[in-house]
1. How many nm separate the modelled label positions at Thr28 and Ile79, each set 7 Å beyond the Cα in the direction of the Cβ?
2. To the nearest 0.05, what FRET efficiency results for Gln37 and Ala15 with a Förster distance of 30 Å applied to their C-beta separation?
3. If Lys and Arg each add +1 and Asp and Glu each add -1, what is the summed charge of the other residues whose beta carbon sits under 11 Å from the beta carbon of Gln52?
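FYI, it's all coordinate maths here, none of it is from the lab. Computed from a predicted model, the values in this text were never measured in an experiment. Cβ sites come from the backbone with ideal geometry, for glycine too, and all protein chains shown count toward neighbours.
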Amino acid sequence: MTTSNATGNATSNAAELYGRISNDGELTQSLFRQALQDPSGALSRIVALGEQAGLPVSPEEVKAHLAGLDDGATKQWLIKARGGL
């Protein structure tokens, strides 16, 4: 049960972090530009932002959350940044 709860918390952390980043247009654009140049660096930055916000996530959790979204803009970001993710 603890593993399931930890997985649930990580999933909700990734969703909450995504929401916060999405609501900050400047940060979203900055991450997008970084992902085009340095996809793994953008992923590391997202993980660091989660730590700073008290929403710890792993790179795998971020990737899983992004892959599960049905959002055209996010899918475009993933297509362009796929190399490092």
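1. My value for the distance between the label points is 1.8 nm.
2. E(calc), rounded to 0.05, equals 0.70.
3. +1
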